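Some notes on the structure that comes next.
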Amino acid sequence: MDKLLIRQLQRITEEEQAYLDGDAIVKKDIYTKKNQFEVDSQLFLQKGKLITVRHHSRFVEFPQHKHNYIEMLYVCAGEITHYIDGKEIRMQPGDLILLNQYVKHGVKRAEYGDVGINFIVLPEFFDIPLQMMRKQTILADFVAGTFKQNNPIPQYLNFQLREQKAISNLMENMITSIISENYNEDVINQYSMGLVFLYLINNIDTLSEDSSSSYEDIIIQAVIRYIDSNYKTAALSHIADDFRQSLPSLSRMIKKCTGYTFQELLMRKRFQKAVIFLVETDLPVEEIAVNIGYENQSYFYRQFKQRYGMTPNQYRNMHKNDKIIKI
């Protein structure tokens, strides 16, 4: 990162000077007006703004707290250590962590050379980054989760990027833009954030096991969602391309985590759909086979009989009045 910017970010603030002078507890009134420690975006965001930055206050330990916005912390220099659910997460220069508003976390005392930048972001800011990603990804799922009102789930993503140059340049540009209050900064930074997300997808292997979802879990969840949505045309190569995985390693991961091969998972989903069509519609069996991805009718009939011990028509006649479909 630019040395002049680092020096600017290292300047000791009035709050930090109070800690150096002997205040041992975080000045909560800077961060919230509530009794509970929930950092309030309204105390930092100017009216109408969707994003701002604030350098992480040093020389004091931050106790467990939440926030009513999406927080991103980017480490510019030194080391910043979070603790979440009893785990220590040590972040080095270039590392980036995203935390939704349901995560409770604390931050250990940082010293003079430890420079972290907090991005205070409202969910609406991510409209353009989401459009730029187009496909369903772990980052898209993360942002979508911030809008959940029922059964909200704490989620955080910790990327150990170690100063990946393209991302570092974009983060530096955003920090400079927001500090300088450049014209059209929100829109410019929305597109910059979209580019950051695209680079993160290309570097998904830097997602730490310290994240709320492990890398394997993320891929397996993506495989299941992909099969659910694309059972007619699903191909393992599509997932492999998205996650920059070789076909053999992805196949082994799926088998290890689910107990099934990709083709077995796909076949299970296709035949689940087939029996629903048989019981709930009057579609001809041949059309059902095509609808679930089988052009070869004889193969469909053979596999169906092997799985259910009867032909599709026999299954339809036996279960057409069932209230619960026997999949």
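Rg/Rh for segment 148-279 to two decimals, with Rh computed the Kirkwood way over all alpha-carbon pairs.
Ratio value, two decimals: 1.09.
To the nearest 10 degrees, how steeply does helix 165-180 sit against the main Cα axis of the chain, on a 0 to 90 scale?
That works out to roughly 50 degrees.
Post the alpha-carbon centroid distance, segment 1-69 to segment 81-123, in whole angstrom.
12 Å
Roughly how many nanometres apart are two label points built 7 Å out from the Cα toward the Cβ at S180 and E15?
A separation of 2.5 nm, rounded to one decimal place.
Enter the Cα centre distance for the pair segment 256-327 and segment 176-199, rounded to the nearest angstrom.
Centre-to-centre distance over Cα atoms comes out at 49 Å.
Let me know the longest stretch in the chain that avoids all chymotrypsin sites (Phe, Trp or Tyr not before Pro) found in a DSSP loop with at most 11 other C-beta atoms within 10 Å.
The longest such stretch corresponds to 1-146.
Please compare each pair in K104/K165; K66/K165; K104/K256; K34/K108; K87/K256; K3/K87 to a cut-off of 28 Å on the Cα-Cα distance and tell me which ones are over it.
The answer is K104/K165; K66/K165; K104/K256; K3/K87.
Taking the Cα centre of the chain as the origin, how large is its charge dipole in debye, to the nearest 20, when only Lys and Arg (+1) and Asp and Glu (-1) carry charge on their Cβ atoms?
Around 1440 debye, computed over the chain.
How far apart, in nm, are the 7 Å Cα→Cβ label points at E280 and A144?
2.0 nm
Per-residue HN-Hα couplings for segment 305-310, Karplus 6.51 cos²θ - 1.76 cosθ + 1.60 at θ = phi - 60°, whole Hz, x for Gly and Pro?
Values per residue, Gly and Pro as x: 5, 5, 7, 10, x, 7 Hz.
Counting other C-beta atoms within 10 Å, and keeping those with at most 16, which DSSP coil GluC sites (Glu not before Pro) do you find in segment 281-312?
For GluC sites (Glu not before Pro) across segment 281-312 that sit outside H, G, I, E and B with at most 16 neighbouring Cβ atoms in 10 Å, the list reads E295.
Once neighbouring chains are kept in place and the probe is 1.4 Å, which whole percent of the accessible area of the chain is contributed by carbon and sulfur?
48 percent
Tell me the relative contact order for the chain as a rounded percent, counting alpha carbon contacts under 8 Å between residues six or more apart.
So the answer I get is 13 percent.
Over segment 92-243, what is the relative contact order in whole percent, taking alpha-carbon pairs under 8 Å and six or more residues apart?
With pairs under 8 Å counted, the relative contact order is 31 percent.
When Rg is the radius of gyration of the Cα atoms in segment 268-327 and Rh is its Kirkwood radius, what does Rg/Rh come to?
0.91
Just name one of T206, V196, Q46: the one whose Cα is farthest towards the positive end of the charge dipole of the chain (beta-carbon charges, Lys/Arg +1, Asp/Glu -1).
Projecting each Cα onto the dipole axis, the largest value belongs to T206.
Against the longest principal axis of the chain, how steep is helix 247-258, in degrees 0 to 90 to the nearest 10, with axes from Cα atoms?
With both axes taken from Cα atoms, the answer is about 90 degrees.
Where in segment 1-83 are there trypsin sites (Lys or Arg not before Pro) that are in a DSSP coil and have at most 13 other Cβ atoms within 10 angstrom of their Cβ?
Qualifying residues, ordered by number: R11, K27, K33, K34, K47.
Using unit Cβ charges (K, R positive; D, E negative) and no other charged atoms, how large, in debye to the nearest 20, is the dipole of segment 22-153 about its Cα centre?
In debye, rounded to 20, segment 22-153 gives about 280.
How high is the relative contact order of segment 219-327, in percent, counting Cα pairs under 8 Å that sit 6 or more residues apart?
24 percent
Rounded to the nearest whole Å², what accessible area per residue is found for the chain with the 1.4 Å probe?
Dividing the accessible area of the chain by its residue count gives 51 Å².
Sticking with the crude label model, points 7 Å out along Cα→Cβ, report the distance from Q8 to N317 in nm, one decimal please.
About 8.0 nm, to one decimal.
Counting Lys and Arg as +1 and Asp and Glu as -1, each charge on the Cβ, what is the dipole of segment 230-311 about the Cα centre in debye, to the nearest 20?
Computed about the Cα centre, the dipole is about 500 debye.
Taking the 0 to 90 degree range and rounding to the nearest ten, how far is the long axis of helix 185-202 tilted relative to the main principal axis of the chain, both from C-alpha atoms?
Taking the Cα atoms of the chain, the angle to 185-202 is about 50 degrees.
The values are calculated or read from the model by the stated rules, or taken from the named source; none is laboratory data. Computed from a prediction, not measured in an experiment: that's the story for all the values here. Reconstructed Cβ throughout: ideal geometry from the backbone, glycine too, with neighbour counts over all protein chains shown. Side chains are part of the model used for accessible areas, which takes the heavy atoms of the whole protein and leaves out ligands, DNA and RNA. Shrake-Rupley method; radii C 1.70, N 1.55, O 1.52, S 1.80 Å.
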